[in-house]
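A short worksheet on the structure shown next.
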Amino acid sequence: MADGLIDSRKDTTYVTVSWNKLSDNNKTFGIGWTENATADLTIHHNWFRETEQRNPSTDNVAHAHLYNNYLQDAPGTDITSSYGNYARGRTKMVLEHSYFEGMRDPVIKDATASLVQRGNVFSRTSGRNESGGTAFDPKAYYKYTPDKAADVPALLKSGAGPRVSIGTTTASPAAASTTLTVAKDGSGRFTSVQKAVDAVPAGNTARVVIRIAPGTYRETVKVPANKPHVTFEGTGRSRKDTVIVEGHAAGMTKPDGSGTYGTGGSATVAVEADDFQARNLTFSNDFDEARNQQIDGHQAVALRTAADRVRLDDLIISGDQDTLLLDTAAKDRTGRVLLTDSYVIGNTDFVFGRATAVIDRSVLTLKKRWNGTSAGYVTAPSTPAGRKGFLITRSTVDGDVSARSFHLGRPWHAGGDASLDPQTTVRDTTLGAAVKTAPWTDMGGFSWKDDRFAEYKNKGPGAGPAGGDRPHLTDAQAAAQERADWFGDWKPTA
C-alpha cells in the first residue's frame, strides 16, 4: 500500500490499535490532520518492521499512549527508516517500554508537542531521540501492566499479526487455543520451555500449544497439575531436531542439599496435568552411568506422566534405566496414556509405572548397559487391581544387543504392595532375537505368574509358541484387549 496501512484522521477518538504487524511500507500510520487536540489513542504491542515513516506520526492528539511497540529496521534491506515515533502539533504523548532496533531518528517531536519517555530500549539506533514537556498519567484513565521492553521483540514475533482464533464463528473466544513460542536464539517469546509453561494460566480451560523451535534445551520441565490442556510441539522437520534433555539420576544429591532426586524426581520432563499432548520432540535423560558408579540409584527418567488423557505422538524418549515412567497422580486415580509412532530407548525397566497405557505402532529399542553387557527388562508395570496396565501393540521390540538377553517384563509391586496386579500384554508385535524364550520374570519376591503377562500373535525371531513360561491369549481374550478397551470414555484423537 502507498499512503497509510492504518490512518486515524481528523478528530477520531477512543481508538486502540494493538497486536498488529505492519511491514514493508513507506507511510505507515498517520494520526491527526486536524486543528483540534481532542483525540485519545492507545497504541500498544504492534510490530513495525521495515516501515520508512509515520511509525506512527501523531498530530494534535490530546492523549497518545504508546507502549510495548517494536520498531525494527533490519540491516541490508531496501527500506531505511526516516524516523520512528513522531509527536507533532499540540500532541501530548507518553512513550514507554517499547523497543527500537536499527532505527534512524527513533523518537522525534515538534517544539509545540510534549513527549514523556520511560523504560524504552534503543538498539543500534542513530540520530534524534527526543523528549520534553509534560504529558499525562495513563493510569488515571485505565489499568494496564506493560511488559518489559527487553521482552517485546520475542513477544511480538510470536504474538502479533493474524490469528485463527480471531474473527471466526466456529468457537467461542473462551475455547480458542493459545500459541506460545520457544526458541534458543530469542526469536520466540521464550528461550526455555519451562518459562513458557510458567506463562500458562492456572486452571486454563482452552488448549495452549507451546511450539518449540529446533535446538537442544538442557533443562528440567514440569507441567503442574493446575495447568491442563498443554501441548508441546517441536517445529523442526524431525523429532530429532528439538531435544529437551537433562542428566539427573535417582541417587544424585539435589543442588540445594535437601536430599536425592529419587526416581520420579529425576525426570527431565514431568507431566502432572491432565489432557497433555506432545509431538515431534525428543525427551532425553543422558545421565552417565559409567562415570557415576559411586552413586546408589541409577534410575534416570526422561519422561514422567502422572495425569489422565495424555496423548504422545512422534517422539523419541531416550535413556537407560527407567526411561519412561507412566504413572498416575495417586494409586486410586486413573492415568490413561496413548503413545504412537515413537521410539522408546532403554535397558532396564524402561517402560514402568501404574498407568493404563497403550504403546501403538512404535519401536522399543533395546540398548546395552553402561559396561557393554546385554541384559534388561522392557516393562515393569505396577498396575492396581481392577485396572488395565500396559498394552504394546503393532510395534517392534529390538536393538543392537545379544540374542536372548532381554525380558519383555516383570511385575513391580512398588513398596512391596501385594494388592497390585501388574499387567503387560504384547500383541501383534515384531520381536527381535534379543527377546528371551521365557520372556517374563519375577521381581522383588513376586512371581510374574501371579499377575497378568501375556502375548498374542507376535512374530519375528523373538516370538515363540505358547507354553507354561509363555502364556498366549485366546482369540476371545484378545478381543477384550485391544486399544479401545484401554480407554473407556476417552476417545483420543490425532
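Readers should treat all values here as calculations from the given coordinates under stated rules, not as data from a laboratory. Treat the numbers as computed from the prediction; the structure is a model and nothing was measured. Cβ: placed from backbone, ideal geometry, glycine included. Neighbour counts: every protein chain shown.
Below is a table of values for the structure above.
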| quantity | calculated |
| --- | --- |
| Over region 3-153, relative contact order from alpha-carbon pairs under 8 Å, at least 6 apart, % | 18 percent |
| Residue among Y99, Y456, I345 farthest towards the positive dipole end of the chain, charges placed on Cβ | Y456 |
| Reach of K27 by Cα under 18 Å, taken over lysines that are not fewer than 8 positions away in the same chain | K10, K109 |
| Straight-distance crosslink candidates among aspartates and glutamates, where the alpha carbon sits under 14 Å from K139 and sequence neighbours closer than 8 are dropped | D40, E96 |
| Part-to-part distance (alpha-carbon centres) for region 366-435 and region 42-107, which is given in Å | 62 Å |
| Label-to-label distance, nm, for residues given as T12 and S402 (7 Å Cα→Cβ offset) | 7.9 nm |
| Qualifying lysines (Cα of each under 18 Å from Cα of K157; at least 8 residues distant if same chain) | K21, K148, K184, K195 |
| Cα-based equivalent ellipsoid, region 3-153: semi-axes from gyration tensor eigenvalues, Å | 22, 17, 15 |
| T253/E35 FRET efficiency (R0 56 Å; Cβ-Cβ; nearest 0.05) | 0.15 |
| Two-site FRET efficiency, D185 against D147, from Cβ-Cβ distance with R₀ of 30 Å, rounded to 0.05 | 0.95 |
| Formal net charge of residues neighbouring R304 (Cβ-Cβ distance under 11 Å; K, R +1; D, E -1) | -2 |
| Sum of -39500 (n - 2.57) over DSSP H runs of 4+, divided by residues of the chain (222 nm, nearest 500) | -1000 deg cm²/dmol |
| Residue among T393, Y377, A330 farthest towards the positive dipole end of region 326-415, charges placed on Cβ | A330 |
| Long-range HN-HN contacts of T179 with modeled amide H, under 5 Å | V209 |
| Whole-Hz couplings from phi, Karplus 6.51/-1.76/1.60, listed for region 471-483; x for Gly and Pro | x, 10, 6, 6, 4, 5, 5, 5, 5, 9, 10, 10, 3 |
| Net dipole in debye of the chain [+1 Lys, Arg Cβ; -1 Asp, Glu Cβ; about Cα centre; nearest 20] | 260 debye |
| Charge dipole magnitude, Cβ of K and R +1, D and E -1 - region 392-494, Cα centre, debye nearest 20 | 320 debye |
| Dipole-positive endmost among I43, A135, N120 within region 3-153 (Cβ charges, Cα centre) | A135 |
| Under Karplus coefficients 6.51, -1.76 and 1.60, residue-wise ³J(HN,Hα) of region 283-298 in Hz, glycine/proline x | 10, 9, 10, 9, 3, 8, 5, 4, 8, 10, 5, 6, 7, 9, x, 9 |
| Peptide ranges 472-479, 296-303 listed from the most packed, as the mean C-beta count within 10 angstrom indicates | 296-303, 472-479 |
| Backbone N under 18 Å from the A385 label point (7 Å along Cα→Cβ), restricted to region 400-427 | 411-424 |
| Percentage relative contact order, region 224-361, counting C-alpha pairs under 8 Å, at least six apart | 22 percent |
| Of (1) 59, 22, 19; (2) 37, 34, 21; (3) 42, 22, 20, the label for semi-axes √(5λ) of the Cα gyration tensor in Å derived from the coordinates | (1) |
